[in-house]
Amino acid sequence: MGELDQPRAFVVGYPIGHSRSPLIHRHWLDQAGLAGSYHPLAVAPAELRAFVAALKDGSSGFVGGNVTIPHKEAMLELVDEIDDTARQIGAVNTLWLDNGRLMAGNTDSHGFAANLDESAPGWTSGKTAVILGAGGASRSVIHALLSRGFQSIRLANRTLERARALSDQFGDRISAHGIDQLQKLLKGADLFVNTTSMGMGGSAVPDIDFTIMAETALVTDIVYTPLETPILALARRQGLTTVDGLGMLLHQAVPGFARWFGQTPRVTPELRQLIIGAMEKGS
Ligand code: ATR
């Protein structure tokens with residue numbers, strides 16, 4: 001197969017230098033010995049429409065790709081079809097062509113659930129969760145918890161209105177609260193998820209008492225820089241089971257790779273180590 005005939009995929013963002021996706025997908029291509037390539041593309045917001053037009057008419061030669069900041073919402077208006085998950089989350093992170101139609105999905109919800117399936121089997125036996133944060137990442141987590149059968153999701157956010165907007169959209173299993181209620185909300189809960197940037201880069205977090213959660217409770221953070229965030233460190237010191245957020249990044253990449261390159265890849269300790277190594281080098 002000539003190089004131009006090989007399936008080519010991309011990650012599009014602006015800027016794009018920070019994306020770990022090329023490392024992940026190229027690792028899988030290498031491991032499987034597959035012909036194909038994966039390209040980081042910096043496309044400014046003003047150029048996005050032209051970029052999508054070239055995708056649809058085939059002139060760019062891509063089979064699909066990932067979408068990252070700041071294009072995840074704007075892409076909703078440009079594609080031919082949006083799957084239910086991306087529509088509910090209100091953002092797109094994966095594109096693929098199907099008979100010349102540009103299809104859009106969102107695999108962050110899958111990534112979140114698959115990370116816990118792998119690292120904390122049985123996590124869905126709990127039915128009550130507390131989520132901190134009501135931004136884009138929170139929407140993916142809500143989607144995952146609802147589809148995995150959580151009955152009560154207590155959503156706490158600094159700006160109460162944003163939490164209310166999400167509970168209005170996602171229905172009566174979600175209740176909205178101010179961040180000042182967080183400690184009370186944790187009582188008896190089975191799962192706590194931080195979806196805010198609090199603790200990112202090791203920044204300070206409020207002093208939370210996780211010991212009032214259910215005995216088998218789990219604490220997870222979608223932030224993975226550092227791998228053990230201050231929130232996870234606090235929970236671990238209090239004796240709770242914790243799961244870091246790196247697995248979500250790795251697992252959200254699986255469905256896209258399978259669509260573009262025709263083989264379902266595996267999230268292995270080796271891949272995890274590769275990304276940790278790159279994070280440590282700051283590359
Ligand atoms: P993302 O797409 O990563 O979720 P976002 O949409 O900007 O990003 O949402 C960021 C979330 O982190 C919000 O819930 C935000 O709270 P507000 O809605 O009140 O802005 C929350 N957040 C960010 N910094 C915070 C801080 N220092 N304290 C509390 N919450 C914070």
Defining a contact as two alpha carbons under 8 Å apart and six or more residues distant in sequence, what relative contact order in percent does the chain show? 16 percent
Rounded, prolate or oblate: which fits segment 1-126, taking a ≥ b ≥ c as square roots of the Cα gyration tensor eigenvalues, rounded meaning a/c under 1.5, else prolate when a/b beats b/c? oblate
Using r as the Cβ-Cβ distance of Asp98 and Ser175, and R0 as 35 Å, what FRET efficiency do you calculate, to the nearest 0.05? 0.35
Let a ≥ b ≥ c be the square roots of the eigenvalues of the Cα gyration tensor of segment 173-259; is it rounded (a/c under 1.5), or, if not, prolate (a/b larger than b/c) or oblate? prolate
Could you compute the FRET efficiency for Ser197 and Ala35, with r as their C-beta to C-beta distance and R0 at 41 Å, rounded to 0.05? 0.60
Accessible surface, segment 110-245, averaged per residue in Å² (probe 1.4 Å): 43 Å²
From the helices alone, meaning DSSP H stretches of at least four residues, give me the mean residue ellipticity at 222 nm for the chain, per-run term -39500 (n - 2.57), in deg cm²/dmol to the nearest 500. -10500 deg cm²/dmol
For the chain, which whole percent of the accessible surface, found with a 1.4 angstrom probe, sits on carbon and sulfur atoms? 49 percent
What are the extents of the Cα atoms of the chain along their three principal axes, in Å, largest first? 60, 39, 32
Protection proxy ranking, peptides 14-20, 38-44, 129-135, average beta carbon neighbours within 10 Å, highest first: 129-135, 38-44, 14-20
Ranked output for segments 98-110, 175-187 by mean other Cβ atoms within 10 Å, highest leading, reads 98-110, 175-187
Over the alpha carbons of segment 110-245, what is the largest minus smallest coordinate on each principal axis, giving the biggest first in Å? 35, 30, 26
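The values are calculated or read from the model by the stated rules, or taken from the named source; none is laboratory data. Note that the structure is a prediction, hence the values are computed from the model and not measured. A quick note on method: Cβ atoms are made from the backbone with ideal geometry, for glycine too, and the neighbour counts reach across all protein chains shown. To get the accessible areas, we keep the full protein, side chains included, count just its heavy atoms, and leave off ligands, DNA and RNA. Shrake-Rupley method; radii C 1.70, N 1.55, O 1.52, S 1.80 Å.
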